[in-house]
1. Would you confirm whether or not segment 168-183 contains a residue that is under 13 Å from the mean Cα position of the chain (by Cα), of a type in the set (Val, Ile, Thr) and in a helix (DSSP H, G or I)?
2. Output the residues belonging to segment 189-240 that are within 15 Å of residue 273 (Cβ to Cβ), among the basic types (Lys, Arg) and assigned to a helix (DSSP H, G or I).
3. Quick check: is even one residue across segment 205-217 modelled with pLDDT of 95 or more, more than 14 Å from the chain's Cα centre (by Cα) and buried (at least 22 other Cβ atoms within 10 Å of the Cβ)?
4. Got a sec? Which of 62, 126 is touching a Ser or Thr at 6+ places or on another chain (Cβ under 8 Å) and outside the structural domain of residue 183 (by TED's automatic domain parsing)?
5. For residues that are among the small types (Gly, Ala, Ser) and assigned to a helix (DSSP H, G or I), tally how many sit in segment 122-165.
6. Going through segment 76-102 one residue at a time, which ones are surrounded by fewer than 17 Cβ atoms within 10 Å (Cβ to Cβ) and of a type in the set (Lys, Arg)?
7. Restricting segment 41-71 to residues that are under 20 Å from residue 237 (Cβ atoms) and among the hydroxyl-bearing types (Ser, Thr, Tyr), which is surrounded by the most Cβ atoms within 10 Å (Cβ to Cβ)?
8. Checking the condition at pLDDT 95 or above and touching a Ser or Thr at 6+ places or on another chain (Cβ under 6 Å), which residue from 147, 158 passes?
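The values are calculated or read from the model by the stated rules, or taken from the named source; none is laboratory data. For clarity, every value in this text was computed on a predicted model and none was experimentally measured. Cβ sites come from the backbone with ideal geometry, for glycine too, and all protein chains shown count toward neighbours.
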Amino acid sequence: MTSLRFVERLRDLVGGVEVVLSDIWGVVHNGLESFPEACEALHTYRKQGGTVILITNAPRPADAVQRQLRKLGVADDVYDAIVSSGDLTRSYVADHPGQKTFWIGADRHGTVHEGLNVVLTPLEAADTVICTGLFDDETETAEDYRPMLLKALDRKLPLICANPDIVVERGDRMVYCAGAIAELYRELGGEVIFYGKPHRPIYERAMQLAAERRGRPADPRKVLAIGDSVRTDLAGAHGFGIDLLFVTRGIHSEDFAGVDQLDAASVKELFGHPPRALMRELRW
């Protein structure tokens, strides 16, 4: 590839595409408001016979994600199903009943273990750590957790990361996510188990849901992922062997200010493995 151009419309890319795996935060909404044109694009694609699975690193189960989408004005008919890193984390908790767990995260993420057999304990008594995010992502950074993580490391506790994202867009600000804490723990030498993009299990689950909706498995060559993160969306799609439409208005927006075409050197520097196409905002 010598260059990579922006495209204006999703309809120019989805000929022959049976399934779209779309990121949510940064593509469909920014945490405070939804993007009407993105919602319209996914809805129109579905009306023409395509299947849309929303695939998100939200540390909450799919039904909680759906409730948030409804509050932000994203209609149910925009997508066929949702799979979240919270779903996979709940599966881990369910597979380890009665495990003594130290939980790092805000109260709003409590749905990740709600109704499951888990024993929440202080760090000193825990057998594992589950991180769904920061206690206060408005004011804290991962560095605030260094003393706590050093104690966990001293006890050789595994850390389960329910959201591999480092940062996420909230309105016009960037706030830190569980991935920032998990990466610091890994740098310190701790064991981390990640659930969500770019790791394979969340894509496998999304493809399973797509097959259930369509009545047959989808050919990966006829699947298009959509996302705004090089580290999670692009790396995950590449690792799973599917194409990605990269939306530049999200967390990497500063890298694309005033750019309408990327040369080969810029593509390699920004992406490593190039996406199929670039689009500023998702629209039909």
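1. No.
2. Residue satisfying the conditions is 231 alone.
3. The answer is yes; a qualifying residue exists.
4. Details: 126 fails: outside the structural domain of residue 183 (by TED's automatic domain parsing).
Checking each option against the conditions leaves just 62.
5. Result for segment 122-165: 3.
6. 100
7. 56
8. Among 147, 158, only 158 is at pLDDT 95 or above and touching a Ser or Thr at 6+ places or on another chain (Cβ under 6 Å).
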